[in-house]
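S.K.: Starting off with a structure, shown below.
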Amino acid sequence: MEIPKLLKVGNLLYDVGELNVDDKELGKSNHKYQWIKLHPDLKTENKEETLIHEVLHQILDDAGYFDESDNEKLVNTLANGIYQVLKDNEFLK
């Protein structure tokens with residue numbers, strides 16, 4: 001999958017870009033300012049999975065599930081599972 005520069009999540013349009021290279025995180029997102037940033041050194045599969053992870057944060061935030069969005073174990077579990085289903089069933093090539 002090619003990582004888009006703009007991504008609609010719910011009724012909001014998010015700018016998708018790269019994190020500062022010095023940043024230790026794989027990805028970050030901000031609901032208020034509508035952006036998602038991914039670490040530029042990630043391999044394609046890691047970027048795809050990280051994008052799903054950040055999108056899940058935004059879906060949960062948009063729905064008012066702030067505690068769940070802050071639960072990294074939950075978000076990681078969902079992102080990994082969704083990514084694996086999409087990849088294994090060739091939705092992502």
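S.K.: Could you work out the longest stretch of the chain that avoids the GluC sites (Glu not before Pro) located in DSSP loops with at most 13 other Cβ atoms within 10 Å?
M.R.: Details: sites that count: 2, 25, 90.
The answer is 26-89.
S.K.: Considering Cα pairs under 8 angstrom that are at least six residues apart, work out the relative contact order of the chain and quote it in whole percent.
M.R.: Result for the chain is 22 percent.
S.K.: Setting aside same-chain residues fewer than 8 positions from residue 28, which lysines have a Cα under 18 Å from its Cα?
M.R.: 5, 8, 37, 43, 47, 73
S.K.: Moving to a separate point now. So which trypsin sites (Lys or Arg not before Pro) in the range 1-59 are both in a DSSP loop and have at most 15 other Cβ atoms within 10 Å of their Cβ?
M.R.: Working: sites: 5, 8, 24, 28, 32, 37, 43, 47; in loops: 5, 24, 32, 43.
Passing both the DSSP loop test and the Cβ count: 5, 24, 32, 43.
S.K.: Rounded to a whole number, what % of the accessible area of the chain do carbon and sulfur atoms account for, probe 1.4 Å? List each step's numbers first, then the result.
M.R.: Details: 3230 of 6220 Å².
Within the chain, the accessible surface is 52 percent carbon and sulfur.
S.K.: Relative contact order of the range 48-87, please, whole-number percent, based on alpha carbon pairs below 8 angstrom and at least 6 residues apart. Walk me through the intermediate numbers first.
M.R.: Details: 27 pairs, mean separation 19.6, N = 40.
Computed over the range 48-87, the figure is 49 percent.
S.K.: Let a ≥ b ≥ c be the square roots of the eigenvalues of the Cα gyration tensor of the range 4-58; is it rounded (a/c under 1.5), or, if not, prolate (a/b larger than b/c) or oblate?
M.R.: Taking the square roots of the gyration eigenvalues as a ≥ b ≥ c, the range 4-58 is prolate.
S.K.: If you don't mind, there's one more thing I want to ask. Could you provide, to the nearest whole Å², the per residue accessible area of the chain with probe 1.4 Å?
M.R.: Dividing the accessible area of the chain by its residue count gives 67 Å².
S.K.: Another question, if that's okay. Looking at the range 3-39, which chymotrypsin sites (Phe, Trp or Tyr not before Pro) are DSSP coil and have at most 11 other C-beta atoms within 10 Å of their C-beta?
M.R.: Hits after loop and neighbour filter: 33.
S.K.: Please identify, among 60, 78, 13, the residue showing maximal mean-square fluctuation in a Gaussian network model of the chain using a 10 angstrom Cα cutoff.
M.R.: In this elastic network of the chain, the residue with the biggest mean-square fluctuation among 60, 78, 13 is 13.
The values are calculated or read from the model by the stated rules, or taken from the named source; none is laboratory data. Quantities reported herein were computed from a predicted structural model and do not represent experimental measurements. Ideal geometry is used to build each Cβ from the backbone, glycine not excepted, and the neighbour counts take in all protein chains shown. Ligands, DNA and RNA are stripped out before the accessible areas are found, and what is left, the full protein with its side chains, is counted by its heavy atoms. Shrake-Rupley method; radii C 1.70, N 1.55, O 1.52, S 1.80 Å.
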